Amino acid sequence: MSLHKFAADSLVANLQTPVLLLKTATIQQQYAALRDAFPSAQVCYAIKANPAEPVVQTLANAGSGFELASRAELDLALRYGADPARLAFGNTIKKRADIAYAYAKGIRLFATDSEADVRCLAAAAPGAKIYTRLLAEPTATADWPLDRKFGCPPETALELLSLARELDLQPYGVSFHVGSQQNSPEPWGQALRRAAWMFAECRQRGIDLALVNLGGGFPVAYLKPVPPIQAYAEAIHGFIQAYFPTPPQLMLEPGRFLVAEAGLLVCEVMLVARKKADEARWVYLDVGIFGGMTESAGEATKYPITTDYPADAPCSEVILAGPTCDGRDILYDRYRYALPDALQQGDKLYFANAGAYTVSCGSVSYNGFAPVAVHSLP
Ligand SMILES: *Cc1c(COP(=O)(O)O)cnc(C)c1O
């Protein structure tokens, strides 16, 4: 009898591992919770968190918009009937041909953070709405900081919006991402203060901005509890009231929050080995860093792990590693999970809350180990 209570044992027994079991009902619940917390915001799901077709289908049916990073993500959203008016090309790094493609498909909202990209947009997406992505302040509270690669300082963002207007684009708003798995609402405060400054400066230049894109970052509980989504909503609405004379249009780009809890990753123990008497057992799984457990790199995300052994089975510390012949393919070494002493080859291991950044990241078949497959459930 397994402890995960996610799906029937008989179903799990017959699936090839590694596989992600995906409960679409949980995605619907998370979407509803977010809509409740932010009733006035347009939700655009960040497809990169999990591009599996049941995810896109479920969210398209629920009326969600989508945040796209590439031509393939755009095609995926359109295939499931997403309304182009609710799609945003949110990647600041894009080829001119892909901008033209998106424009031809009806996309009219684009993120940008550089002059070269604004010029590309003006040429390939004439008249489109543009929002500038602001550099996020580094925070100690995000498990996956996003504060260097994307965005620009507010002064640059102002110049870009002025340039956009000169080039007959529509300067439309501001975005930021405070870091993924953001454990505190505070960083939204700093970001919203900058966004409000941008709105005021733009108004002085005769540019009326409309949109604030609050990004993603909303966390889920892995091994540690996190504040509820309602706490984020209250804090964010408070910041907006404090900094903006009139509330802007809001957009959210959640990834993790919508899909993580919907996924249970099932894998198999390939080998248990003891290398030194004074070292923990090494437990090698048929999934590793390259097959989908990308967020285990650096041990940033620590998933709740269970087995089919009884809860009171004697346990001891293990080092968890993936199956490839690559020395980096170690999941947890500094952090030691305690797993049953009796664990052996062929046993299953269950990673809970694994619906985000697993199947999307494990897209290679390194050493011949296939990436995680998806099996969806109602
Ligand atoms: C990845 C990404 C998101 C989603 O972030 P989460 O932390 O998973 O909510 C949102 N917006 C952009 C631009 C992204 O790249």
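Each value in this text was obtained by applying a stated rule to the coordinates, not by laboratory testing. Please read these numbers as outputs of a predicted model, since none were measured by experiment. Quick reminder, even Gly has a Cβ in these numbers, built from the backbone with ideal geometry, and neighbours come from all protein chains shown.
Lysine pair count for the chain with Cα-Cα distance under 16 Å and sequence separation of 8 or more or different chains is 9. Residues of region 122-159 with an amide N closer than 17 Å to a point placed 7 Å from the Cα of ALA300 along the Cα-to-Cβ direction: 136-151.
Overall shape: oblate for region 51-254, with the ratio a/c of the largest to smallest alpha carbon gyration tensor axis at 1.5 or above and b/c at least equal to a/b.
Gain on full extension, evaluated as 0.36 nm per residue between ALA370 and LYS224 minus their Cα-Cα distance, stands at 49.5 nm. Among ALA100, ALA125, ALA46, which one shows the biggest mean-square fluctuation in a GNM of the chain, springs joining Cα atoms closer than 10 Å? Ranking ALA100, ALA125, ALA46 by mean-square fluctuation puts ALA100 first.
Among the trypsin sites (Lys or Arg not before Pro) within region 293-334, those in coil by DSSP and having at most 11 neighbouring Cβ atoms inside 10 Å are ARG328. Each principal axis of the Cα cloud of the chain was taken in turn, and the coordinate range along them, longest first, works out to 71, 39, 37 Å. Looking at the chain alone, DSSP beta bridges between its own residues are antiparallel in about 40 percent of cases. First check a/c for region 23-164, with a ≥ b ≥ c the square roots of the eigenvalues of its C-alpha gyration tensor; if it is under 1.5, answer rounded, and if not, answer prolate when a/b is larger than b/c or oblate otherwise. Cα axes put region 23-164 in the oblate bin.
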